[in-house]
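Input: a single structure, listed below in structure tokens.
No value in this document is a laboratory result; all are computed from the given coordinates. Treat the numbers as computed from the prediction; the structure is a model and nothing was measured. So basically every Cβ, Gly included, is an ideal-geometry build from the backbone, and we count neighbours across all protein chains shown.
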Amino acid sequence: MKKLITILVLGLMMTACAPHTAGVMASSTGEVRVDNGSFAGEVSVEQLKSRQQGGFLQGSGLIISKVATDLRLQYKFTWYDINGYTLDDEGSAWKSLKLHGKQQMQVSGLAPNTDAVRYELYVRKAFSN
């Protein structure tokens, strides 16, 4: 019985945290993942582009508001090497972004080193504590 209660409590704790990190991810390889369907109705990530900048991979994406109200968002680039390993993911912080109704904004990032060959751009709602 104790085990069942522990599992239920852990499950509730995990689902309580989910809305704070769930959002939309778009990859430079063309993959798109939606972790929060209602959020995907408010925001889209499109037009991902890549280029070399001084030997480093630079990526950009267009974050688009689909609603008429203001949105407070956060975005983050995650960089990968040729073997699929993340590069300096712990050093990459979420950045804040405010979009007014139906606004679009291009965001860009530069890989932490020259080993990066692809990236993913994550967007989520910003929550204040």
How would you rank TRP94, TRP79, going from fewest to most other Cβ atoms within 10 Å of each one's own Cβ? TRP94, TRP79
Excluding LEU87 itself, what net charge comes from residues whose Cβ is under 14 Å from its Cβ, given Lys and Arg +1 and Asp and Glu -1? -4
Residue-wise, which Karplus ³J(HN,Hα) couplings in Hz belong to the range 51-56, taking 6.51 cos²θ - 1.76 cosθ + 1.60, θ = phi - 60°, and x for glycine or proline? 7, 8, 9, x, x, 9
What order do you get for 98-107, 23-32 when each peptide is scored by the mean count of other beta carbon atoms within 10 Å, highest first? 23-32, 98-107
Given points 7 Å out from each Cα along the Cα-Cβ axis, report the SER92 to ARG33 separation in nanometres with one decimal. 1.2 nm
Charge sum, other residues only, whose C-beta stays under 14 Å from ASP35's C-beta, Lys/Arg counted +1 and Asp/Glu -1: +1
